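Reading through the structure tokens given below for one structure.
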Amino acid sequence: MQRLTNRQILLGITGGIAAYKSAELTRLLKGAGADVQIVMTPAATEFITPLTMQALSGNPVHLHLLDPEAEAGMGHIELAKWADMVLIAPASADFMARMDSGQGNDLLTTLCLATEAPIVLAPAMNQAMWRDQQTQKNAASLQAKGVRLLGPGVGEQACGDTGPGRMLEPLDIAEQTAALFDRGLLSGKQVFITAGPTREALDPVRYISNHSSGKMGYALAEAAVDAGALVTLISGPVNLPAPTRCKRIMVQSAEDMLEASLQNIDQCDIFIASAAVADYRPVSVAEHKMKKGNEEIMELHLVKNPDIVATVAAQQNKPYTVGFAAETRDVVSYAQGKLERKNLDLIIANDVSRSDIGFNSDDNAVTVVSHQEVKQLPLSSKRQLASKLIEIIAAAEQKGDN
Ligand code: C5P
């Protein structure tokens, strides 16, 4: 990707084990065309050497606020003005606390106070530190002031714990950073999209599923990326390559899809549910492959799956929420019913009784139903339709329609 050509990124590194990933991040930012200046806190230099970062960025590393030699070169105010973006990765709990309270007790916090460029943090810390009430307060307060948070991710941590607090991978950070520069209809918006079918296991080798190809959801993800959004695609099993510049989380069951959808939902601006989620799953999953018996009829006991889009729409700070309705008759009235019942802002309905559109085809024709209007979109390729839908969704979200 050369999407950062001529962009001037000030990369701040604070003290945490994830600092070693900042080396790779610098390489990726440079590879994408950015000019990178690095500022390290004293704690960061305990984890990775300034020499490494200097070699990778191709610029001297800035370490101290009160360094006459450095100030004679590019002083801190000059550096703050130089930056098109201040990206801090990893951002430690301590740094977030200091930044939120407006301190300027080292070079990096001072730069954050002095810059007019957007500030982006990739938090990285132990899961208990991330969950700590004060850290959560600081994160929310920074976001309220317009600071953008990338992650943190969930998973295994250097200390042996598992949970939220891992720094996102350098590639994710680089791509999300590039997306923030894209000036599109959805510039800087976080969009979550569910796509494809779910698989509900019966035993280790069998499952209940459906024919959804995921094509519509994947086309929407690409269109949203093109419009400048930071996209998280939560996908059931499909045979489609991951769209570039988007974060894809692969899941199997409806319950997995719900869990992935709710992860970081408070950072989501627009949620688009295009997945064909299985309505029911087996009550229990057999531990071993079920054997054929003598009986002619076999009964399966199923239990209702959670409704993912309705759960998202029931969140306190719900994102702008868009659902799909695949119907075989009375398309608009069923769609209107779902819009109300699931507390959605918009629903995209299609008539799956037609063989030329829908599930596995490359084309689709839909009706967009909101609380204000019903709009038919003509038959077109799923890619063209996706761009049109993203335009409609972006405009409605901006207007605050529901
Ligand atoms: O109720 P129905 O399945 O027709 O609603 C379709 C819409 O609801 C789609 O947007 C689909 O992705 C979403 N859905 C969901 N979770 C379910 C069932 C449907 O998110 N368990």
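The values are calculated or read from the model by the stated rules, or taken from the named source; none is laboratory data. As the structure is a prediction and not an experimental result, all values here were calculated from the model. Here Cβ is always computed from backbone atoms with ideal geometry, including for glycine, and neighbour counts include all displayed protein chains. Heavy atoms of the whole protein, side chains included, go into the accessibility calculation; ligands, DNA and RNA do not. Shrake-Rupley method; radii C 1.70, N 1.55, O 1.52, S 1.80 Å.
Tabulated values for the structure
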quantity	calculated
Options Asp67, Asp94; residue that is closer than 26 Å to Arg166 by Cα and among the acidic types (Asp, Glu)	Asp94
Thr49 polar (S, T, N, Q) and touching a residue at least 24 places away in the same chain (Cβ under 8 Å)	no
Hits in the range 288-299 (condition: of a type outside the set (Lys, Arg), at pLDDT below 95 and exposed (fewer than 10 other Cβ atoms within 10 Å of the Cβ))	Gly293, Asn294, Glu295, Glu296, Ile297, Met298, Glu299
Those residues of the range 269-287 which are under 16 Å from Lys342 (Cβ atoms) and open to solvent by less than 90 Å² (accessible area, probe 1.4 Å), in sequence order	Ile270, Phe271, Ile272, Ala273, Ser274, Ala275, Ala276, Val277
Criterion violated by Glu340 - all others in (1) more than 13 Å from the ligand (Cβ to nearest atom); (2) out of contact with any Cys (no Cβ under 7 Å at 6 or more places or on another chain) satisfied	(1)
Failed condition for Thr49, given (1) farther than 15 Å from Ser22 by Cβ; (2) open to solvent by 50 Å² or more (accessible area, probe 1.4 Å)	(1)
Residue in the range 231-245 that is modelled with pLDDT of 90 or more, β-branched (Val, Ile, Thr) and within 18 Å of Ala326 (Cβ to Cβ) present	yes
Count of residues meeting criterion [within 16 Å of Leu389 (Cβ to Cβ), crowded, with 23+ Cβ neighbours inside 10 Å and of a type outside the set (Gly, Ala, Ser)] in the range 197-242	7
Test: residue in the range 292-310 that is out of contact with any Gly (no Cβ under 6 Å at 6 or more places or on another chain), under 27 Å from Glu169 (Cα atoms) and either more than 11 Å from the ligand (Cβ to nearest atom) or of a type in the set (Ser, Thr, Tyr) (or both)	no
So Ala178, is it in a helix (DSSP H, G or I) and within 21 Å of Arg245 (Cβ to Cβ)	yes
Members of the range 7-33 that are open to solvent by 10 Å² or more (accessible area, probe 1.4 Å) and under 23 Å from Thr115 (Cα atoms)	Arg7, Gln8, Gly15, Lys30, Gly33
Selection count, the range 101-128, where residues are over 22 Å from Gly188 (Cα atoms), under 22 Å from the mean Cα position of the chain (by Cα) and either assigned to a helix (DSSP H, G or I) or β-branched (Val, Ile, Thr) (or both)	1
Test: residue in the range 375-386 that is within 13 Å of the ligand (Cβ to nearest atom) and not small (Gly, Ala, Ser)	no
Residue in the range 59-73 that is nearest to Thr110 (Cα to Cα), counting only those that are assigned to a loop (DSSP other than H, G, I, E, B) and in contact with a helix residue (DSSP H, G or I) (Cβ under 7 Å, 6 or more places away or on another chain)	Leu65
Leading residue by the ranking (modelled with the highest pLDDT) among those in the range 345-366 that are in contact with a Lys or Arg (Cβ under 7 Å, 6 or more places away or on another chain) and under 24 Å from Val312 (Cβ atoms)	Ile347
Given (1) farther than 30 Å from Leu220 by Cα; (2) open to solvent by 20 Å² or more (accessible area, probe 1.4 Å); (3) part of a helix (DSSP H, G or I); (4) of a type outside the set (D, E, K, R), index of the condition Ala140 fails	(1)
Residues being outside any strand (DSSP E or B) and either within 16 Å of the ligand (Cβ to nearest atom) or over 28 Å from Val303 (Cβ atoms) (or both) - total across the range 264-282	10
Residue within the range 241-263 that is within 16 Å of the ligand (Cβ to nearest atom), assigned to a strand (DSSP E or B) and farther than 18 Å from Gln190 by Cα present	no
